[in-house]
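The values are calculated or read from the model by the stated rules, or taken from the named source; none is laboratory data. Since the structure is predicted, the reported quantities are computational estimates derived from the model, not experimental observations. Counting neighbours? That spans all protein chains shown, and the Cβs are built from the backbone with ideal geometry, glycine included. The accessibility values were calculated without ligands, DNA or RNA, using every heavy atom of the protein model including side chains. Shrake-Rupley method; radii C 1.70, N 1.55, O 1.52, S 1.80 Å.
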Amino acid sequence: MKNYISFPRVEGLSSRQAHTNLPEGTYEREMGKEGFFGPAAHIYHKNPPTGWIDWEGPLRPRAFDLTLLNQIEASPWDAKCVLHNASVQVRFWRVPETMEKLARNGDGDELIFLHQGKGDLFCDFGHLAVEAGDYIMIPRGTMWRLESSEPLTALLIEATNGSYMLPDKGMLGPHAIFDPAMLDIPSLNEAFKDQQADENGSGKTWQVAIKRRNAVSTVTFPFNPLDAVGWKGDLAPVRINVRDIRPLLSDRYHLPPSAHTTFVGNRFVVCTFAPRPFESDPDALKVPFYHNNDDYDEVLFYHAGDFFSRDNIHPGMMTFHPCGFTHGPHPKALAGAFTPKKSATDEYAVMIDTRDALEVGDLPSGIEQPDYVKSWRVT
């Protein structure tokens, strides 16, 4: 049971409604608890809270150009780890045309976000045709493999020692953002049966690479272990495409990122930013507000579109804002804080917010963009 020390007060120049009607010439900064869900204060500054001219130390904002990871890895367990902690592991994977071994994750549920390409997923539960923009949640212990009909790249988000769940949508009801009926499941269709066709007397062996505690064991079968003829229950891989996500909107108030939560893990969330109209009220902020991320590390993977709040960002890049400093829109975006140049956003992005500090993986030279911290400078 939580009982925060709460005593709403007002001092000096301020707005009575957060993110709207800011005192002239001020910049609003939100400082809060529990990632926009707890008590908060809004502080109004004379200067942009990100107006630094220098930065030293491990909390600096970081950016990675994952498009420069060009090596095709035979297994998802060989994919480069970008960020990780005890609850989540984020990899970037260039998928082979055909996986040599099936994969099975013994460490947690796997969320595959397909950034590019098209192909087929075969797993214990059947077959799914997959394409760019798909989230595919694969429960822990499922055997699976991917085949690429067009080159596939994927973001892998492991819920280490945990399970993925849907967010509590509260007063919005269960059908907001996306209806659970939109979740597709694999089918025991002809494509699934065809991949079993060489079973009788072929002499072919099949291998499954099982990851547990980040070590891989290989199990060899004299038959295709994806040989199911039926199944029942309420546990299976599910798929939804970002095109089927209907973001929450407010004409008069800029909603916090938490309003766009898609999946919930243990001590982290996965959110989706999808195209939406800008707020129409002239007093309402049209860009992300300055805020402290004092409870969560924040990660953003840029999938497609025009990323209006960030400069020099392209699809396939990832930004990482460690917990402990204020951040917000870049200077060019700030110019459109109340009068945007377009009527709507045009971006798809995946956000990962983690309650515990993330570590950066062992990435090749050149992947990190060292000047990213300078992108908030007013020049």
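Could you run through the stretch 325-334 and say how many residues are in a loop (DSSP other than H, G, I, E, B) and more than 20 Å from the chain's Cα centre (by Cα)?
Quick first cut of the stretch 325-334, residues in a loop (DSSP other than H, G, I, E, B) only: 325, 328-330.
Cutting the leftovers down to more than 20 Å from the chain's Cα centre (by Cα) gives us 325, 330.
Total satisfying the criteria: 2.
Being part of a loop (DSSP other than H, G, I, E, B) and of a type in the set (F, W, Y) is the filter; apply it to the stretch 301-324 and report the residue that is least open to solvent (accessible area, probe 1.4 Å). So that I can check it myself, show each step before the final result.
Looking only at the stretch 301-324, we keep the residues that are part of a loop (DSSP other than H, G, I, E, B), and these are 307-316, 322-324.
Remaining after also requiring of a type in the set (F, W, Y): 307-308.
Values: F307: 10, F308: 44 Å².
Going through the qualifying residues, I end up with F307.
Yes or no, residue by residue, for (1) β-branched (V, I, T); (2) touching a strand residue (DSSP E or B) at 6+ places or on another chain (Cβ under 9 Å); (3) within 19 Å of P275 (Cα to Cα):
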| site | (1), (2), (3) |
| --- | --- |
| P315 | no, yes, yes |
| F320 | no, yes, no |
| P340 | no, no, yes |
| E359 | no, yes, no |
| V378 | yes, no, no |
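Residue-level check: of (1) in a loop (DSSP other than H, G, I, E, B); (2) of a type in the set (G, A, S); (3) buried (at least 19 other Cβ atoms within 10 Å of the Cβ); (4) modelled with pLDDT of 95 or more, A337 misses just (4). The residues listed here are A197, A181; of these, the one that is at pLDDT 95 or above, open to solvent by 70 Å² or more (accessible area, probe 1.4 Å) and not in a strand (DSSP E or B) is A181.
With respect to the conditions (1) surrounded by 16 or more Cβ atoms within 10 Å (Cβ to Cβ); (2) farther than 26 Å from I43 by Cβ; (3) at pLDDT below 85, K286 lacks only one, and its number is (2). From the list A41, A79, A74, A103, the lone residue that is under 30 Å from C123 (Cα atoms) and open to solvent by 20 Å² or more (accessible area, probe 1.4 Å) is A74.
Here the stretch 358-379 is the region considered, the condition is being assigned to a loop (DSSP other than H, G, I, E, B) and among the hydroxyl-bearing types (S, T, Y), and the residue that is least open to solvent (accessible area, probe 1.4 Å) is S365.
Kindly indicate whether any position in the stretch 349-357 is over 17 Å from the mean Cα position of the chain (by Cα), hydrophobic (A, V, I, L, M, F, W, C) and open to solvent by less than 40 Å² (accessible area, probe 1.4 Å). Looking for residues that are over 17 Å from the mean Cα position of the chain (by Cα), hydrophobic (A, V, I, L, M, F, W, C) and open to solvent by less than 40 Å² (accessible area, probe 1.4 Å), one finds none in the stretch 349-357, hence no. Of the residues making up the stretch 44-71, those that are part of a strand (DSSP E or B) and either open to solvent by 40 Å² or more (accessible area, probe 1.4 Å) or in contact with a Gly (Cβ under 8 Å, 6 or more places away or on another chain) (or both) number 4. The listed residues are V269, V287, V219, and the only one of them that is among the β-branched types (V, I, T) and outside any strand (DSSP E or B) turns out to be V287.
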